[in-house]
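**Q** Input: one structure, supplied below.
Read-outs: derived from the displayed coordinates by stated rules, not from any lab. Just so it is clear, the structure is predicted and the values come from calculations on it, not from any experiment. Glycine also receives a Cβ, built like all others from the backbone with ideal geometry; neighbour counts cover every protein chain displayed.
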Amino acid sequence: MSEVIINAILQAKPGKEEELRSELVKVIEPSREEKGCIQYTLHQDTDKAGTFVF
């Protein structure tokens, strides 16, 4: 089977940055446990507040 790479960019609404980050952190481990998952890493943009990338 071929490898599929998916990138997702999420932008929190103003004032909701920490709430979004908290919710995204919760899905990391369950996603990593899914069959076939090779890597699932959350990144946070240091220049644009509230911008997250998986």
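**Q** Over region 9-53, what is the relative contact order in whole percent, taking alpha-carbon pairs under 8 Å and six or more residues apart? Could the numbers behind the result be given before it?
**A** On the way: 41 pairs, mean separation 22.6, N = 45.
Relative contact order here is 50 percent.
**Q** Using 0.36 nm per residue of separation minus the Cα-Cα distance, give me the extension gain between THR51 and ILE5 in nm, one decimal. Could you put the intermediate results ahead of the total?
**A** Numbers: separation 46, 0.36 × 46 = 16.56 nm, distance 1.95 nm.
Once the chain is fully extended between THR51 and ILE5, it gains 14.6 nm.
**Q** Looking only at Cα atoms, what is the convex hull volume of the chain per residue, in Å³? Write down the numbers at each step before the final one.
**A** Details: hull volume 3.9 nm³, N = 54.
Taking the convex hull of the Cα positions in the chain, it is 73 Å³ per residue.
**Q** Taking 7 Å along the Cα-to-C-beta vector as the label spot, tell me the HIS43-LEU24 distance in nanometres, rounded to one decimal.
**A** 1.1
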